[in-house]
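Below: one structure, written as structure tokens.
The values are calculated or read from the model by the stated rules, or taken from the named source; none is laboratory data. Predicted model, so just to flag it, every value in this text is computed and none were measured. When we count neighbours, we look across all protein chains shown, and the Cβ atoms used for this are built from the backbone with ideal geometry, even at glycine. All accessible areas refer to the heavy atoms of the entire protein, side chains included, with ligands and DNA or RNA removed. Shrake-Rupley method; radii C 1.70, N 1.55, O 1.52, S 1.80 Å.
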Amino acid sequence: MTVSLGTLVIDTEACKGCELCIEACPPRVLRMTDDIVNERGYRYPQLLPGCIACKACTAICPDFVFQVYRYDEPQDDGRPADGQDTDGRPADGQGADGQGGGDQGGGDQATGDGSGA
């Protein structure tokens, strides 16, 4: 099972798809969408289980699309550590309509002021 120490809120519409955050993420829990794009036509990052709330994504992002929240207690998301749901599908938050998965919330469970600082 994957334990997360924090979570992100990603402003998918502000993202320009530069992918700097993907390489900057130490636990490698960010991945770019494959066929899903924002209103401006850019792919954007999605959060996988295992965020450590290190804020590397906020430090490198030129468009300030990330808000990082650290949990008071580590959260077990109930998913296997390989980032897949129990049925073997990618755990990307995508619904049947192809929407979602861009903003990964959790402000009600997390602490932080939302500034990402």
For Tyr71, what residues show an amide H to amide H distance below 5 Å, using hydrogens built from the backbone and excluding near sequence neighbours?
Gly6, Thr7, Thr111
What number comes out for the charge environment of Glu19, summing +1 per Lys or Arg and -1 per Asp or Glu over other residues with Cβ under 14 Å away?
+1
What ranking of Tyr42, Tyr71 comes out by heavy-atom accessible area, probe 1.4 Å, highest first?
Tyr42, Tyr71
Once Lys and Arg are counted +1 and Asp and Glu -1 for all other residues with Cβ under 13 Å from that of Leu5, the total becomes -2
In vacuo Debye scattering of segment 42-81, one point per C-alpha: log10 I(q)/I(0) at q = 0.16, 0.21, 0.22 Å⁻¹?
-0.51, -0.80, -0.86
Give, in nm to one decimal, the length gained when the segment between Lys16 and Arg28 is fully stretched (0.36 nm per residue of separation minus the Cα-Cα distance).
2.4 nm
